[in-house]
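Have a look at the structure below before the remarks.
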Amino acid sequence: MRHLTSGVSALLVASLAGCGSSPETNATVAAFDLRAFANRFPPRSVIGAPRLVDCKLSEGVTTTCVAITLPANPETFDMGPWCPSNTADGADRGGIWPDGGKVYDVDGSFIENLATFYNDPAWKMYDPQTGAVNVTDTPEACAAAARPDVDPRYNNYCVQCLASYIKNGLTNTYVIPIQPVAATRIETRVGHAGVGIAFRGVRLDAPAPLDDILSAHTLAPFDDCGGHVNPAVGYHIHAVTDCLQKGTSATGHAAHIGLALDGYPLYARLDASSPVPGDLNACGGHTTVDEGYHYHVGDAGSNAILGCHTGQVGCVLEDPDASCDATARPAGPPPKRPR
Ligand SMILES: [Zn+2]
Ligand SMILES: [Zn+2]
C-alpha cells in the first residue's frame, strides 16, 4: 500500500469505486498516514500539522478530507525576480512569461520588444532615454495594477507584488478528499479555488487571466518557478517549471509533485525518459498500473497546470478553522479576483 504513504491512494479509489454510498471507508481513514503526508512537505513550510476533517465536496458528497495550512508567504521558497528594472537587464533580473505555448524570459530586451512581439504600437513600458522599466514598486501600486480592472494609471507597467506586501499571518488551508470522488459533471476549466498544492509547499493556481493583463498593456511575470504574488492569496504558481520537478517517482514515471484539489496525484509533465504520455484526457489525467489515476501538469507555456478536475474538489479556506462546504459558492462564473 505504498501509495497511501504518498498522500492519497488512487489504486484504492479504483478498487473501491462503486462500493456503496459512502465514498470512503473506516479502513481508508484509518490507513491514511498523516505523518507521511506531512513529511512530503519541507520542514517549516506547513503551519501546524495536517489533520483529517469532515468536508462537503463540490457536488455535495460528504466525506473525509485532509486539511493542510500553508503560509501565503512561503518563507521556505525562493521567490522572484519578476520585472527587470532596466532594458539593459539580463534574464537573471527578470522572470518568465507564457505566450502561445512557449515560455519567454522577461529580460530587458523582451520589454523593449513588446510592441513588435504583440504587433501593437501601444506597448511602451520603458523610458527610451534611460531604459528604465515601469515597475509597480509599492503595495498600493501592486494592488491597483493587479486587480482585474487594471487602474489606468498602471497601463504599460510591469506588475509585480513583493512577498513583503503579503499581510502577516495570511494563510490558505487546503481541504482535499483522502478518497477522490468522481465528478458527474466535469467543468471545462479549473475553478477559482485553483489546481491544488505542490509538495514544495506552494499553491498551484488556475490560469492567469492573460486577456485582462495584456489588454491593459501590462505584464505580470512569473518567476523562474512559475509563480508570482497577489495580495489576496499570496504566492501562487501558474506554470510548473523544472523547479518543482526534481527527481522521478520510484516507478520511473514523472516526478510526483503534488496533490490536486480533488485528491488525485499530480505528476510532472514528462516521464523520466519518455515524452508526454499520449493518452491524457482533457483535464490532463490518465491511469497507469503503478500509479492509478493521476494528472500530468501542462507545459509551462500553456498557462494551464490542469485543464480541469475529474473529481469533486474540496475547498481552499482563508480561516483554517472554517469547515469546507464546496457547494457553498455563488452560481455562475467564479468571481474575478486579483491575478
Ligand atoms: Zn502518468
Ligand atoms: Zn497569478
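The values are calculated or read from the model by the stated rules, or taken from the named source; none is laboratory data. Nothing here was measured: the structure is a model prediction, and the numbers come from that model. Note that each Cβ is placed from the backbone with ideal geometry, even for glycine, and that neighbours are counted across all protein chains shown. Surface areas here come from the heavy atoms of the whole protein model, side chains and all, with no ligands, DNA or RNA. Shrake-Rupley method; radii C 1.70, N 1.55, O 1.52, S 1.80 Å.
Some notes on this structure:
- Tail fraction, Cα-Cα pairs, region 55-153, threshold 24 Å, whole percent: 42
- Highest GNM mean-square fluctuation among Trp97, Trp123, Trp82, for the chain modelled with Cα contacts below 10 Å: Trp123.
- Overall form of region 161-220 per C-alpha gyration tensor (a/c, 1.5; a/b vs b/c): oblate
- Note on surface exposure: Ile68, Ile186 rank Ile186, Ile68 by accessible area, highest first, 1.4 Å probe.
- Protein-only accessible surface order, largest first, of Met125, Met79 at 1.4 Å: Met79, Met125
- Pairwise Cα distances in region 106-235 exceed 24 Å in 38 percent of cases.
- Of Arg200, Arg51, Arg269, the one that fluctuates the most in a GNM where the chain has Cα springs shorter than 10 Å: Arg51
- Per-residue surface analysis assigns Asp242 an accessible area of about 120 Å², computed on protein heavy atoms at 1.4 Å probe radius.
- Within region 150-253: Cβ-based charge dipole about Cα centre, in debye rounded to nearest 20 (Lys, Arg +1; Asp, Glu -1): 280
- For the chain, the Cβ-based charge dipole about the Cα centre amounts to some 660 debye (Lys, Arg positive; Asp, Glu negative; other atoms uncharged).
- Remark: region 107-180 is approximated by an ellipsoid whose semi-axes, taken from the C-alpha gyration tensor as √(5λ), come to 33, 17, 12 Å, largest first.
- In the chain, the DSSP-assigned H stretches of four residues or longer account for a calculated mean residue ellipticity at 222 nm of -3000 deg cm²/dmol, using -39500 (n - 2.57) per stretch and the full residue count as denominator.
- Selected from Gly94, Leu70, Leu52, residue furthest toward positive end of dipole (region 41-117; charges at beta carbon): Leu52
- Using C-alpha pairs under 8 Å with a sequence gap of at least 6, the mean separation divided by the residue count of the chain gives a relative contact order of 22 percent.
- Three principal axis lengths of the chain [C-alpha, angstrom, descending]: 70, 43, 38
- Farthest toward the positive end of the dipole of the chain, out of Ile237, Ala216, Cys324, is the Cα of Cys324, where the dipole comes from beta carbon charges about the Cα centre.
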